[in-house]
1. Please list 9-17, 120-128 highest first by mean number of surrounding beta-carbon atoms within 10 Å per residue.
2. With the crude spin-label approximation of a point 7 Å out along Cα→Cβ, what separation in nm comes out for ALA153 versus ARG177?
3. Could you tell me what a quarter of the Cα convex hull surface of region 1-51 works out to, in nm² with one decimal place?
4. Return the ratio Rg/(2.2 N^0.38 Å) for the chain, where Rg is computed over Cα atoms only.
5. Per 10 Å bin from zero, what fraction in whole % of the C-alpha pairs of region 80-230 is there, up to the bin with the longest pair?
6. Give me Rg over Rh for region 18-143, both radii from the alpha carbons and Rh done the Kirkwood way, two decimal places.
7. May I ask you to compute the full-extension gain from LEU146 to SER63, defined as 0.36 nm times their residue separation minus their alpha-carbon distance, rounded to one decimal in nm?
8. Using Cα positions and a limit of under 12 Å, work out the aspartates and glutamates in reach of LYS53, with same-chain residues fewer than 8 apart set aside.
Amino acid sequence: MDSHRRLQILESWVHLVSLTSTLDLIEQWIQSGERACKRVTVTGFHGLWAGYKDASLRVVLNSAELWVPDGIAPIWVARLRGHRGFNRVTGTDVMTGFFRRADRKGYSSYFYGDTDPTLNELRVKLDQRYPGHRVAGTYSPPFRPLTPEEDEAEVRRINDAKPDILWVGLGLPKQDRWIYERRHRLNVPVAIGVGAAFAFVAETVPRCPEAIGRMGLEWVYRFTREPRKLWRRDLLDGPRFLWHVGLELTGLRRQRECRVERSTSNNAPR
């Protein structure tokens, strides 16, 4: 099964999954009845490069039950290594795909992150488009470190809402660290960091046209809209990432167990 295969890139493991297999696995976790939090990493080049530079972050990202390739970079690497039939799976696609299923089956979501105006608009859009889906709660945390008491109150608020899935929109790496550090206290079946996807679904920020995304040029689209925010990542980190991946692909630098693996687990692709 494709969802049980993963590829090592710069010492991180990316699962070669489709949108359908990703949603099937998320739904399987929800229906299992377990409240132990399963984590999903959703990132491409940005997460791979950040994890390569920071070993502690790499542990966080690799320890998730599923790493979804949001971005064209891991797909290109997979194709260069001879693997076909996989496409990028964005955080926005995972969200909207889940909402369509939730509309039929009554699943619920909790949204943590972004701003109150975005969360309010997100709730309006979801109520209009997916009336069968339930918004269990929303919360925009303050832009400052939380006290231990505030942090405990936030986790308790999420657990009391009993959502089927927790979406976290704090941006990488903050969102993935946030989930990781609270994973044993979060009594939710699934927690997923999805970056800017809240704003894309709420339509407070325009999303990259699908045709541009399929060509692998979403980074160009976003850079033209937010050059001051993204110039360092796209113009400095991007070439460095390509250089190091090129060394791996050409064999000029070895990496540990560089291959696609099949999971031996029947529950999650690891």
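1. Details: 9-17: 23.9, 120-128: 15.8.
Put in order of decreasing packing, that is 9-17, 120-128.
2. Between ALA153 and ARG177, the label points sit 2.3 nm apart.
3. On the way: hull surface 16.5 nm².
Projected over every direction and averaged, the Cα hull of region 1-51 covers 4.1 nm².
4. Values: Rg = 18.1 Å, N = 270, 2.2 N^0.38 = 18.5 Å.
Taking N as the residue count of the chain, the ratio is 0.98.
5. It works out to 10, 37, 34, 16, 3, 0, in whole percents.
6. Numbers: Rg = 16.2 Å, Rh = 16.3 Å.
With Rg and the Kirkwood Rh in hand, the quotient comes to 1.00.
7. Numbers: separation 83, 0.36 × 83 = 29.88 nm, distance 2.48 nm.
Going from the current span to full extension adds 27.4 nm.
8. GLU11, ASP237
FYI, it's all coordinate maths here, none of it is from the lab. Here the structure is a predicted model, which is why all the values come from computation and not from measurement. FYI the Cβ positions are ideal-geometry reconstructions off the backbone, even for glycines, and counts take in every protein chain you see.
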